[in-house]
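Take a look at the structure below.
The values are calculated or read from the model by the stated rules, or taken from the named source; none is laboratory data. Predicted model only: the values in this text are computed from it and were never measured. Ideal geometry is used to build each Cβ from the backbone, glycine not excepted, and the neighbour counts take in all protein chains shown. Accessible surface is based on the protein model in full, side chains and every heavy atom, while ligands, DNA and RNA are left aside. Shrake-Rupley method; radii C 1.70, N 1.55, O 1.52, S 1.80 Å.
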Amino acid sequence: MSDSELPVYTTLDCKQVSTHVLQVCMNRPEVGNALNTQMALDMLDLWTRLTDVPGEIRCVVLTGAGSKIFCAGGDLKERNGMTPQAWQHQHEIFERSYWALIDLPLPVIGAINGHAFGGGVEIALSCDFLYTSQDAKFGFPEVTLGIMPGMGGTQNLPRALGERRAKELIMTGRPFSAAEAFEWGLVNQVAASDQVLPLALETAQKIANNAPLSVKQIKKSIRYGGQMELRTAYRFEVEAYNRLVDTDDRREGVAAFNEKRPAVFKGR
């Protein structure tokens, strides 16, 4: 699949920046890239397509339009006056889009170009790892609105930061800085605002140059193995490893090493 084969989304700007790397930009800058029903539907469709038929795409970089806000969270203007039934119906769409992102076999790097709040942090937490602007701020303001995180925030944040710090941040709703996010292990690297996306794209290309079947098995092993007790997780890792032994890419990798040349991986 290439960007030319993807639908034209109302809220997402998709661009294939190289043969194997797709850049996805949440594109509602006039409202801080806030998540509305259409964006959730667009994301659900995109992540499902990339799961089913990725084509040449091997790595995804997810960012937001503009230079100040990655994603402001749920669109409260759209939600204003919603009936409880309509709210819950919308949230079901949100949930499906988040699960589709988390379960995507391809690695997803979050390029956090600006502030991320509420559902925006939950989108970031659904990525495999993150690079962020030094000016970005994060926060879970849901408790100040009479709700709570509902797209994995209460589960993914403790796994990233530890239970005690996650409780403090979610229960108080206080914002925290990019420097704090780095110190606590939420993000991998902090960079100048104009360097975040190039850094993420550079890393994505490095990943895309590696054996794609290996990358997928690694993501699966870490993702699911982390939910198991250790001996079962070891067994799961070995099963993932054994799937790679009889592949053309494994044979190509060994041959390239012995012939002292770059490997050319085909994903098979």
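Comparing mean-square fluctuations of GLY146, GLY114, GLY55 from a GNM of the chain with C-alpha springs under 10 Å, the top value falls on GLY146. Averaged per residue, the chain has 52 square angstrom of accessible surface, using a 1.4 angstrom probe with ligands and nucleic acids left out.
Relative intensity of the stretch 166-268 on a log10 scale, I(q)/I(0) at q = 0.12 Å⁻¹, equals -0.67, per a Debye sum over C-alpha point scatterers of equal strength in the absence of solvent. Hey, in the GNM for the chain with a 10 angstrom Cα cutoff, which one of LEU145, LEU35, LEU186 fluctuates hardest? Fluctuation is largest for LEU145.
Residues in the stretch 233-245 carry Karplus couplings, in order, of 5, 4, 4, 4, 4, 5, 4, 5, 4, 5, 5, 8, 5 Hz; the curve used is 6.51 cos²θ - 1.76 cosθ + 1.60 with θ = phi - 60°, and Gly or Pro positions show x. From the list (1) 0.93; (2) 0.96; (3) 0.98, can you say which value of Rg/Rh (Cα atoms, Kirkwood Rh) was derived from the structure given? After the calculation, the listed value that fits is (3).
The shape of the stretch 40-191 can be summarised by an equivalent ellipsoid whose semi-axes, obtained from the alpha carbon gyration tensor, come to 22, 21, 14 Å from longest to shortest.
Expressed to the nearest 5 percent, the antiparallel share of DSSP beta bridges inside the chain is 25 percent. Of the trypsin sites (Lys or Arg not before Pro) found in the stretch 6-72, none is in coil by DSSP with at most 10 other Cβ atoms within 10 Å of its Cβ.
Pairs of alpha carbons in the stretch 127-215 separated by more than 21 Å make up 41% of all such pairs.
Cross-link partners of LYS206 among aspartates and glutamates, defined as those whose alpha carbon lies under 19 angstrom from its own and excluding same-chain residues fewer than eight positions apart: GLU56, ASP128, ASP249, GLU252.
For the chain, the share of accessible area belonging to carbon and sulfur comes to 54 percent (1.4 Å probe, ligands and nucleic acids excluded).
Given contacts defined as C-alpha pairs under 8 Å and at least six residues apart, what's the relative contact order of the stretch 178-268, whole-number percent?
Relative contact order for the stretch 178-268 comes out at 24 percent.
Maximal additional length on extending the ALA256-ARG243 stretch stands at 2.7 nm, based on 0.36 nm per residue less the C-alpha distance. Model label points for LYS15 and LEU76, set 7 angstrom from Cα along the Cα-to-Cβ axis, are 3.2 nm apart.
Per-residue SASA remark: GLU56, around 100 Å² accessible (1.4 Å probe; ligands, DNA and RNA not included).
Report, in deg cm²/dmol and to the nearest 500, the calculated mean residue ellipticity at 222 nm for the chain, where each DSSP H run with n ≥ 4 adds -39500 (n - 2.57) and the sum is divided by the residue count. Write out the running numbers ahead of the final one.
On the way: 11 runs with 128 residues, N = 268.
Rounded to the nearest 500, the figure is -14500 deg cm²/dmol.
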